[in-house]
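Reviewing the structure listed below.
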Amino acid sequence: MKAVSIGGGPAGLFFALLLKKDDPRHQVTVYERNRLDDTFGFGVVFSDATEAALEHADPQVIAAMGERCHRWDDIEIHYNGETLTSTGHGFSGLSRKTLLTILADRCRELGVDIRVGSDVADPESLRGADLILAADGANSAVRERYRDHFKPCIDLRPNRFVWLGTTKPFPAFTFYFKRDAHGLWRVHAYQYEPGMSTFIVEAREETWRAAGMEGAGEAETLAFCEHLFAAELEGHRLLSNRYVWRNFPTIRNGRWSHGTVVLVGDAAHTAHFSVGSGTKLAMEDAIALARALKEHGEVPVALRAYEAARRPAVESLQRAAQASLQWFEDTERYTSVPPIQFAFTLLTRSLRVTHENLRVRDPKFIARVDAWYAAEAARAAGACASPGTEPAAARVGTPPPPPPPMFTPFKLRDLRLENRVVVSPMCQYSAVDGMPNDWHLVHLGSRAIGGAGLVYAEMTDVSPEGRISPGCTCLHTPEHAAAWKRIVDFVHGRSRAKIAMQLGHAGRKGATRIQWEGDNEPLNDGSWPILAPSPLPYYEHSQVPQAMTRPDMESVTRDFVRAARHAVDAGFDLLEIHMAHGYLLASFISPLTNLRSDEYGGALANRMRFPLEVFDAVRAVWPAERPMSVRISAVDWHPGGQEAGDAVEVARMLKAHGCDVIDVSAGQTVPDQRPEYGRLFQTPFADRIRHEVGIATMAVGAISSYSDVNTILAAGRADLCLLARAHLWDPYWTRHAAFELGFRLPWPDPYSLLDNYKPRFA
Ligand SMILES: Cc1cc2nc3c(=O)[nH]c(=O)nc-3n(C[C@H](O)[C@H](O)[C@H](O)COP(=O)(O)OP(=O)(O)OC[C@H]3O[C@@H](n4cnc5c(N)ncnc54)[C@H](O)[C@@H]3O)c2cc1C
Ligand SMILES: Cc1cc2nc3c(=O)[nH]c(=O)nc-3n(C[C@H](O)[C@H](O)[C@H](O)COP(=O)(O)O)c2cc1C
């Protein structure tokens, strides 16, 4: 085969040597426009895991890299005058020039033809080759040449950064967060060879502009950064290598190959430098492509196999990189949190590294995080850890280790929760005439026994017309209140959990079938008229709701108040108003479903008017000592809909009206939503609201491991974690988590002999 690489970076060179090594008969040429030793940049970082993964591809290259790299285990975080160190991270740095020299030497040894100083102006000039590798980096001209086919998407991120070097030998991977008159500056620094380190400076656009860096050349940039970081550099100089301030481009492509042309490395995809993986991805691409060519004789088939093999891993890493870069874009949000929590949130920013991973890497650091979190929680809850919840490891005379974050108490008004795991509200569609029955008793009762601190009853409707389906529960008569009281009394009498009621009105999503007979599908028989802010049906074939008049609003408000009074009688500990998922109050908030031209439509303040009227009326009858929550859809996942910034304003208004905690969900407003699902996909909204509004939040959505729960809590992304499907699967989810974490959660008396029983699951 005749293969050419346009670009002699890590992707092009590594692929060239792997192909040639596989079969010396291949003719492989690398065209590189620059000299290999005048390449931009200083060092690159590899994790231990990456090196292990690369090793089998060419042990000789990896051995040479191993000899020349600088290794470290620690991450040091300098923030607010404190230095926090976390160990066990296993990374190495290597000079980019050294890496390229190692790769080029190996290429030459194997017989690859490297043509330096060769700028390929047009890939069409190489059409005679069987394979054309577009390894020409983030600004790939080859990708642009065939952009209609590759369909690139380049997301230019707002922060500014510059990639510098320094002679200061950093002993650890070092982060500095430093404020000056212009704003907050971040530094990512690491040593890549004895006495030489990479020093990346990053700031928000406004900070960078205020410092006069717009239009600054190399000399001004160096002078400014040396002055700003004089104390940190301790007399060492900063060095530049033809690198000016820029915005990071996150690059994605709809397709990675076009005929015999294939994208690899940065030309195909980028991952923010804060996850230090661009070179790793480029080299992994090279391995996968060489393997695909070996396995599939035909080039187009091999290129498809290469993309199928690489795309999922690349996209997964890009998701982690996205979370990480957003943390650096939003760092200002976290600058009022204590240093230990700041360090924890930084280390877990990509949502890949968890409380549990860190516990394995650095148990002392996690013990410190847990001790701090438990002390804060106990102080805020006005007590030390509740009796009977001491860790299993506790022995007379030895101080017990701090409880994991999920097993710390949480207090809202006079309500004290024993732990921070919550059973999310889940409709059971099993009621008759709105009446909860034995199913609801067993469903909620078993989950309360299962150890969660708080159990939510399902969305319960304030009137028969407000139901989603004929199987939904209601709370508009004393009989409903009595049926609910039976369940509340069971939870209070037989478990340590508290129980919350979620009140709602289905609005335009009402009069539909029970979920397993057609979610959101209109009823064929026995339907009832439905209400909404505007006469917009959910589906085209759904019932058209009636646009609410002022008397309708007064009537619905009265229904909410009546239901809230019944919730008091039933003895619920917390009351939630459902303002999410496209139901009545949510449909007032979203601009997609509220097209009113009166004072209840238009600007967000107007769209919030009716939901706030309902909230105020309910708050007035709900006992002052008991807390209230509101569930919101932070975003609509739809153009023109609610965005995360709007959710911050919604939460701010709710807080001003006496809401204690925001239950942060998302979407379900319109059927053609485009949600971005994934692990913890809604947690970033809870995090943002918590920090920007200063109100407690609950995170929900694809949270399923205890490690994720502890990570969310310790990082301060939310105060409580709600799990829905995980609790359907395992009513004893919290007990399983306690067992795994070595934490003793007392059993109800009839099960007390389980305190001395060791379950075996394998
Ligand atoms: C600030 C910063 C920090 C980073 N830190 C790390 C890190 O710590 N760890 C890590 O793994 N990665 C890091 N990266 C990413 C890393 O540099 C890239 O992901 C990696 O170099 C991609 O390799 P590549 O071979 O695809 O592209 P490149 O390394 O960009 O190589 C492309 C080559 O193609 C050549 N070329 C372009 N056009 C032509 C043409 N028409 N004709 C001939 N030659 C051409 C260029 O001269 C260049 O040598 C960082 C990136 C940045 C911006
Ligand atoms: C069967 C079922 C019923 C649900 N009913 C409700 C409900 O009554 N009220 C509500 O706000 N959310 C409801 N939800 C959404 C969940 O509370 C939760 O937000 C969602 O399932 C995401 O969490 P998970 O990933 O842990 O399942 C329901 C979810 C399920 C699976």
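The values are calculated or read from the model by the stated rules, or taken from the named source; none is laboratory data. A quick note: this is a predicted structure, and the numbers were derived from the prediction, not measured. Reconstructed Cβ throughout: ideal geometry from the backbone, glycine too, with neighbour counts over all protein chains shown. Heavy atoms of the whole protein, side chains included, go into the accessibility calculation; ligands, DNA and RNA do not. Shrake-Rupley method; radii C 1.70, N 1.55, O 1.52, S 1.80 Å.
Brief remarks on what is shown
- Per-peptide packing, taken as the mean over residues of other Cβ atoms within 10 Å, places 519-531, 697-709, 301-313, 267-279 in the sequence 267-279, 697-709, 301-313, 519-531 from highest down.
- Within region 541-586, the percentage of alpha carbon pairs spaced more than 14 angstrom apart rounds to 65%.
- Here the calculated FRET efficiency for residue 676 and residue 335, from their Cβ-Cβ distance with R0 = 25 Å, stands at 0.40, rounded to the nearest 0.05.
- Listed residue pairs exceeding 26 Å between alpha carbons, taken from 485/509; 21/97; 364/655: 485/509; 364/655
- A cut-off under 15 angstrom between Cβ atoms defines the neighbours of residue 536, and their net charge, with Lys, Arg +1 and Asp, Glu -1, is +1.
- Sparsely packed loop sites in region 530-611 (the GluC sites (Glu not before Pro) outside DSSP H, G, I, E and B with at most 13 other Cβ atoms within 10 Å) comprise 540, 599.
- Set of aspartates and glutamates near residue 411 by C-alpha distance (under 13 Å), chain-local residues within fewer than 8 positions excluded: 376, 573, 625, 660, 719
- Under the combined filter of DSSP loop state and at most 13 neighbouring Cβ atoms within 10 Å, region 210-252 retains these trypsin sites (Lys or Arg not before Pro): 237, 242.
- Using heavy atoms of the protein chains and a probe of 1.4 Å, the accessible area assigned to residue 479 is about 110 Å².
- Of the peptides 507-517, 629-639, the order by per-residue mean of other Cβ atoms within 10 Å, starting with the highest, comes out as 629-639, 507-517.
- Approximating the spin labels as points 7 Å out from Cα along Cα→Cβ, the residue 544-to-residue 298 distance works out to 5.4 nm.
- Once you reduce region 152-209 and region 315-376 to the center of their Cα atoms, the two points are 19 Å from each other.
- Nearest-10 value in Å² for the accessible area of residue 6, using the 1.4 Å probe: 10
- Separation between Cα centres of region 647-688 and region 490-527, rounded to whole Å: 20
- For residue 294, a cut-off of 19 angstrom between C-alpha atoms picks up these aspartates and glutamates, skipping any fewer than 8 places away in its own chain: 22, 23, 55, 58, 130, 284, 285, 307.
- Calculated FRET value between residue 519 and residue 167, using beta carbons and R₀ = 41 Å, to 0.05: 0.05
- With all protein chains modelled, accessible area of residue 190 [1.4 Å, Å²]: 10
- Cβ charges +1 (Lys, Arg) and -1 (Asp, Glu), total dipole of region 283-337, debye: 200
- Solvent-accessible surface ranking, highest first, for 317, 585 at 1.4 angstrom: 317, 585
- Summing +1 for each Lys or Arg and -1 for each Asp or Glu among the other residues whose beta-carbon sits under 12 angstrom from that of residue 111 gives +2.
- Whole-percent P(r), the chain, all Cα pairs, 10 Å bins from 0: 3, 13, 20, 20, 18, 15, 9, 3, 0.
- Antiparallel %, DSSP beta bridges [both residues in the chain], to 5: 50
- Residue-count net charge about residue 189 - beta-carbon cut-off 15 Å; Lys, Arg +1, Asp, Glu -1: -3
- Mean Cβ neighbour count within 10 Å, used as a protection proxy, ranking 87-95, 749-757, 220-228 highest first: 87-95, 220-228, 749-757
- What the phi angles of region 552-561 give under the Karplus curve with 6.51, -1.76 and 1.60, with θ = phi - 60°, is a coupling list of 4, 5, 5, 5, 5, 4, 4, 4, 4, 5 Hz, glycine and proline written as x.
- Computed magnitude of the charge dipole of the chain (debye, nearest 20; Cβ of K, R +1, Cβ of D, E -1): 740
- Extension gain from residue 239 to residue 109, taking 0.36 nm per residue of separation minus the Cα-Cα distance: 43.5 nm
- Of all DSSP bridge pairs formed entirely within region 60-185, close to 75 percent run antiparallel.
- Between region 7-77 and region 612-640, the alpha-carbon centres lie 55 Å apart.
- Relative contact order for region 188-327, counting Cα pairs under 8 Å that sit 6 or more residues apart, in percent: 16
- Length released on extending from residue 411 to residue 702, taking residue separation times 0.36 nm less the Cα-Cα span: 102.3 nm
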